[in-house]
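Before any comments, here is the structure.
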Amino acid sequence: MGSPFFLRFEQCYNKPMKKGKFITFEGPDGSGKTTVSTAVCRRLEEEGYAVRYTREPGGSAIAEQIRNVILDPQNTAMDARTEALLYAASRRQHLVEKVLPALEEGINVISDRFVDSSLAYQGKGRQIGIEEVYAINQFAIEGRMPEKTIYLDVDPEVGLERIQKGRTYLDRLDQESIEFHNRVNEGYQEVIRTYADRMIIIDANRNVEEVIEDSYQAVKGLLDD
Ligand code: TMP
């Protein structure tokens, strides 16, 4: 029992494995979030960091099916609360099936969107109320919040112009009015004030290379911490 070999073996085996960090990217449509988060993730992977990129809504087979229902432009009759519940359902499935197992294995997870999106889009954009949307999401996430969130801050007009110029397919939410997108932006500003300690704000009105560089430095700093 007391042999040096056994002690070394025991120290090694009983050492609790370091859990991964959960980092999210948030921002309005047209903030460049997907381009930036995938580029950051790729660069970190190339440097040998244990990172997994994922996205919401979706990120697992069942959650992607829910995504298709939510974003289908034909589903114009969808009620705002149904939409909020579907986002929460998709979030739950993705969290349990993909995010938590990776974190347990010590892999850092970078998710393109998480609960803040629901607070801004459904809470404020759809005018359900941030508190109400937070409450249904608590059922889905059981208190599991990201350690840090990179918020890509873009003016709503700049964001919408990028979407309209750059995309051939517009989903049900992309097709919403400028008033809706302005409310989403206000919702995000409220979320940023509420969770100031968790937020890292990056000016996303600049060209994408600069935004990628700043985001990469921020995430790398968190993983090295
Ligand atoms: P994406 O464009 O980032 O893939 O997201 C799809 C749309 O879904 C986008 O318009 C934002 C919206 N959304 C919500 O309204 N609520 C949510 O909780 C999430 C995750 C996304």
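Beyond a 19 Å Cα-Cα separation, which of these cross-linked pairs lie in this structure: K98/K124; K18/K220; K124/K165; K21/K148?
Distance filter (> 19 Å) returns K98/K124; K124/K165.
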> In degrees, nearest 10, range 0 to 90: what is the angle between the Cα axis of helix 61-71 and the longest Cα principal axis of the chain?
Replying inline: 20 degrees
> Which order do peptides 24-32, 173-181 fall in by mean Cβ count within 10 Å, highest first?
Replying inline: 24-32, 173-181
> Using a probe of 1.4 angstrom, how much of the accessible area of the chain is carbon and sulfur, in percent?
Replying inline: 52 percent
> If one computes the Cα centroid of segment 74-122 and of segment 135-201, what distance in Å separates the two points?
Replying inline: 13 Å
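Pairs of Cα atoms under 8 Å, at least six residues apart: use those to get the relative contact order of the chain, whole percent.
On the way: 337 pairs, mean separation 69.8, N = 225.
Reported as a whole number, the value is 31 percent.
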> Roughly what % of DSSP beta bridges within the chain run antiparallel, to the nearest 5?
Replying inline: 0 percent
>> Given points 7 Å out from each Cα along the Cα-Cβ axis, report the F139 to T34 separation in nanometres with one decimal.
In response: 2.9 nm
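Tell me, what is the Rg over Rh of segment 19-224, with Rh the Kirkwood radius over Cα pairs? Don't skip to the answer; put the middle values down first.
Working: Rg = 16.0 Å, Rh = 17.1 Å.
Ratio value, two decimals: 0.94.
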>> Calculate the FRET efficiency for A77 and E47 from the Cβ-Cβ distance with a Förster distance of 41 Å, rounded to the nearest 0.05.
In response: 0.30
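Measuring with a 1.4 Å probe in the full set of protein chains, what accessible area per residue, in whole Å², belongs to the chain? Show your work: numbers first, answer last.
Details: 11610 Å² over 225 residues.
Per residue, the chain has an accessible area of 52 Å².
The values are calculated or read from the model by the stated rules, or taken from the named source; none is laboratory data. These numbers come from a predicted model, not from an experiment. As a convention, Cβ positions derive from the backbone with ideal geometry for all residues, glycine included, and neighbour counts pool all protein chains shown. These accessible areas exclude ligands, DNA and RNA; they are computed on the full protein's heavy atoms, side chains included. Shrake-Rupley method; radii C 1.70, N 1.55, O 1.52, S 1.80 Å.
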